[in-house]
Structure formats: structure tokens, C-alpha cells
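Below is one structure, written out as C-alpha cells; the observations come after it.
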Amino acid sequence: MHVVVLGAGVVGTAAAYYLLQNGHQVTVIDRQPMAAEETSFANGGQISACHAMPWAHPKTPWQSLKWLGREDAPLLFRMRFDRQLFAWGLRFLRNCSPERTRNNIEKSLRMAIYSRDCVKQLRRDLGLEYDQLEKGILHICHSDRELEELAHSSKIMREFGLDRRLVTARECLEIEPALRNTAQPIKGGTFSPGDESGDARKFTLELAKICAAQGANFRYNTTIQSIEKNGNSIRCIHSDAGEIYGDCYLVCMGSYSPLLTRPLGVNLPIYPCKGYSVTIDTAGHGTNAPTVSLIDDSVKMVYSRFGNRLRAAGTAELDGYSLRMAPRRQQLIADRAFALFPDCGNRATISYWSGLRPVTPDSAPVLGGTKYDNLFLNTGHGTLGWTMSCGSGKAIADLISKKTPEISLDGLGVDRF
């Protein structure tokens, strides 16, 4: 078939690769001049199955109330009249029960572990280089309460197949020696040896080149305007470059997916959640910057090393589709990075970025078919787009090809909402 993929981020590009392997003709459409120019551009860089803890859990409502009005809050609601956010919020609250939290951990972790294996296989098959480090992910805590909560979630994840062990404060320093320079107390944490890190943008650009060499047609600088239906099928894509036809259509447009599918009667409860990142030049500071990818639970931040660069990313800001970067929150990310790693790089040349994560109420992606026989979805990966990209891409390519995916897609379809 001729499959038209909407979106050339890491999720859409990975799907395009696996569709090519299944023998399809592939066209990828994106409004940017090249792949990975939006949410995949400067994310946290982690392939982190250990980060598959859903945002909606029993303690989230109380934490959110405590953070209201605080510009330095890990989760910030910009107060506004927004029907989409209100509807999403009600679904989110329904997912905060212990039973649903456990079920949502299983769904996300199932895809994350599978996808992590797909990345490793893809790297072996294609010889990809993207500043990858296979050193695991260290999750650190600064208080006994944090450590207790982390131990509880880790126990559930181990039940679902994740290799994740509790480590002492001393073991944290042995795993990542750069932590010895911090003035912040470390109580302990967890270590997930199978997780890894790498530059998602580099990965996507390399994979896009391979896809193009294998015959994929990337139509960049092309803005998708709408999707036209014809009965129970999709007829074509309307763009600023004209109509684009295919046999099958795959939506991989992250936060913008609901805007395209809503006129078709396919309502996706995906809300854009703005995250920030900073990139620090570590040249001349190499031993003082971490080489093991980390998660700092107290401030909900992640750290990944890419050669002579340190990426620090975090915060969640619900502010519609605005990409405006609040100066205070920008500085907050940088300050926290230097508080943990005081001499990790050059403060004068920090680069700042923000992007929109497509978050669902249960923190699991939307993967599968729709009421239209030739329209498929691969979207809503939240903070785990890089982590889940290859697994979801391979699974949806198999589904489109009428093959049984290697992983169960139970609980991931749009019909669950």
C-alpha cells in the first residue's frame, strides 16, 4: 500500500521505517524543513522504561493543589478558560485511583520495554550513532518520603518485568561519581540497567536519511490543513501544497493530532503539556558532568549527557498550545542543573528550548485503528515519545500490514476513552 504518515518527529519517522520494512510505499508530511524540529528537537534524551509512572496517581490531586500559583512548581496550570483542558482534567482525575494507576503503569511499561528492545535491535541493524550511552538510568531521591514512594512504584514495575533495583546513597555515588560534587543530600534511589540515553533529534535525522534512501518521500515545508473523509474511509489530506492521496493514513502529530481528527468525529483526549530543556556545553568540565542519565525525583527533572553537551529537562506547564518560555522557569531548569552538578559546564552559553508533549489522561499512547478503515493513530506518548517511538512504530506498521503485532495493544486504542 501507499501509506501517508502525518508528522516527521521521532514517532512518525520510526513508523515510516517499519512500514518500509513491511514493503509499503511511504510518504511523510511535515510543516518543518526537516525531521525532528518540534517535540523531538531537544527533549530529555532518555529511553526510560523506568519513567513509565503515569502522571495520574492517588497523590497527584493533592500535589497539584499545593503547587497552584507557584511559578517554580513541577506541574503548573496557567489559569484560563479552556474546554479541552477541562474535559481532559476530568478524565485525568478518574485515572488517579490506585487500581487505574496500576493498570496504566502496566500499559505504558509494556510498550516502553518492548520499544527499548526495538531501539537496541535497530541500532545493531543500522549502525546508528546518536551520542547514545548504554549506562542505565539512575533515579535519585533527596528525602526518605521520596525514597519510600519510589520503592513502592519500583516494586510494581518489577512485577511487570522491569529490571529496577533499589540503591543506597553510597551506590548512587559509585554509579555516577559526578554526584560527589553536589551539596544536595542524596538518600538513595533506584537503578534501571537496561535503560539508556541518546540524542533523539540525531537519531531521527539519521533514521530519516535511511528511510529516504529506501524510497520514502519526505514532503517537508508542507502544512497539513485537514483530512477529508469519504464514507467509512479517508479520501485524502488537504495541505497548503495541494491534495495528497494514499491508500492508508497514519496520524503521528503529537499534541496537534486532536485538532485534525476532531472534525472526523475521532475525539482524542490529548492535551499539550509544555516542557523546558537547557543544553549546557561541558567542554573542559567533562568529569564534573554526569555520564549516567539521571532522574531527580524531587524536582521532576532528567539529565542526559551527549558527548560535550549536558541536557537538563523538566517541568510540566499546561498552557494550551503556547510555546512561550517563561524566563523564570527557563532559569529554574539551569539553576537546578548547576545545583546538582556545580561545575558541569559553561553557564554563559546555555541554550534554552520548549516543546509540547502530547499527554493523555492515563499517560499511555493512543495506538491502533479508528472507525475509518484506512485511518490509524500513533500519538499521545506524553513524556515517553522517544522511549516508545520504535516499539509503537513497529506495532502500528504490523497492524496496518494486517500482521499480528509482537506485543499486545490491549488498552491502547482510542476506544478506551
#### Entry: Residues (under 14 Å from Val4 (Cα atoms) and among the small types (Gly, Ala, Ser)) located in region 213-232
Gly215, Ala216, Ser226
### Message
Given the condition of a type in the set (D, E, K, R) and touching a helix residue (DSSP H, G or I) at 6+ places or on another chain (Cβ under 7 Å), answer yes or no: does some residue in region 365-378 qualify?
### Response
no
#### Entry: Total residues in region 338-354, condition crowded, with 18+ Cβ neighbours inside 10 Å and touching a strand residue (DSSP E or B) at 6+ places or on another chain (Cβ under 6 Å)
5
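Residues are listed down the side, and each one gets a yes or a no for (1) farther than 22 Å from Asp296 by Cα; (2) in contact (Cβ under 8 Å) with a residue 24 or more places away in the chain; (3) touching a Phe, Trp or Tyr at 6+ places or on another chain (Cβ under 9 Å):
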{"position": "Ala334", "(1), (2), (3)": "no, yes, yes"}
{"position": "Asp343", "(1), (2), (3)": "no, yes, no"}
{"position": "Thr349", "(1), (2), (3)": "yes, yes, no"}
{"position": "Ser363", "(1), (2), (3)": "no, yes, yes"}
{"position": "Asp373", "(1), (2), (3)": "yes, yes, no"}
{"position": "Thr387", "(1), (2), (3)": "no, yes, no"}
### Query
Can you name every residue in region 322-337 that is within 19 Å of Ile295 (Cα to Cα) and either open to solvent by less than 10 Å² (accessible area, probe 1.4 Å) or not in a helix (DSSP H, G or I) (or both)?
Arg329, Ile333, Ala334, Ala337
## Note on the structure
Among residues of region 191-220 being within 30 Å of Leu147 (Cα to Cα) and crowded, with 19+ Cβ neighbours inside 10 Å, the residue nearest to the chain's Cα centre (by Cα) is Ala200
### Summary
Residue count, region 167-190, condition in contact (Cβ under 8 Å) with a residue 40 or more places away in the chain, assigned to a helix (DSSP H, G or I) and open to solvent by less than 60 Å² (accessible area, probe 1.4 Å), comes to 3
### Message
Suppose we keep only residues that are in a helix (DSSP H, G or I) and touching a Gly at 6+ places or on another chain (Cβ under 7 Å) within region 4-16. Which one would you say is farthest from Ser401 (Cα to Cα)?
### Response
Val10
### Subset of region 11-53 [within 19 Å of Ile237 (Cα to Cα) and polar (S, T, N, Q)]
Thr13, Gln25, Thr27, Gln32
### Query
Take the residues of region 53-88 that are modelled with pLDDT under 90 and among the small types (Gly, Ala, Ser): which is farthest from His381 (Cα to Cα)?
Gly69
### Filter pass, Ala364 being in a loop (DSSP other than H, G, I, E, B) and surrounded by 15 or more Cβ atoms within 10 Å (Cβ to Cβ)
yes
### Task
Check region 224-233 and report whether any residue there is basic (Lys, Arg) and either assigned to a helix (DSSP H, G or I) or within 30 Å of Lys300 (Cβ to Cβ) (or both).
no
### Task
Can you run down the residue pairs with Cβ atoms below 6 Å, 6 or more apart or on separate chains, where the first is in region 283-304 and in contact (Cβ under 8 Å) with a residue 24 or more places away in the chain and among the β-branched types (Val, Ile, Thr) and the partner is part of a loop (DSSP other than H, G, I, E, B) and open to solvent by 40 Å² or more (accessible area, probe 1.4 Å)?
Val292/Lys135
### Message
Tell me the residue from Leu128, Leu109 that is more than 19 Å from the chain's Cα centre (by Cα), open to solvent by less than 10 Å² (accessible area, probe 1.4 Å) and touching a residue at least 24 places away in the same chain (Cβ under 8 Å), please.
### Response
Leu128
### Residues (farther than 14 Å from Gly7 by Cα, outside any strand (DSSP E or B) and open to solvent by 50 Å² or more (accessible area, probe 1.4 Å)) located in region 238-270
Asp240, Ala241, Tyr245, Asp247, Arg262, Pro263, Asn267
### Summary
Arg116 passes all but one of the listed conditions (1) surrounded by 19 or more Cβ atoms within 10 Å (Cβ to Cβ); (2) basic (Lys, Arg); (3) free of Cβ contacts under 8 Å to residues at least 12 places away in the same chain; the exception is number (3)
### Task
Report yes if Ile295 is in contact with a Cys (Cβ under 8 Å, 6 or more places away or on another chain) and under 25 Å from Ala56 (Cβ atoms), otherwise no.
yes
### Query
Residues in region 385-404: is at least one open to solvent by 10 Å² or more (accessible area, probe 1.4 Å), hydroxyl-bearing (Ser, Thr, Tyr) and outside any strand (DSSP E or B)?
yes
### Task
Could you please give the count of residues in region 33-88 that are assigned to a loop (DSSP other than H, G, I, E, B), on the phi < 0 side of the Ramachandran plot and either open to solvent by less than 20 Å² (accessible area, probe 1.4 Å) or of a type in the set (Asp, Glu) (or both)?
15
### Summary
Of the residues in region 132-154, those that are open to solvent by less than 50 Å² (accessible area, probe 1.4 Å) and not in a helix (DSSP H, G or I) number 10
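The values are calculated or read from the model by the stated rules, or taken from the named source; none is laboratory data. This is a predicted model, so every value here is computed, not measured. All Cβ positions, even for glycine, are placed from backbone atoms using ideal geometry, and neighbour counts span all protein chains on display. What goes into the accessible areas is simple: the full protein's heavy atoms, side chains included, and nothing from ligands, DNA or RNA. Shrake-Rupley method; radii C 1.70, N 1.55, O 1.52, S 1.80 Å.
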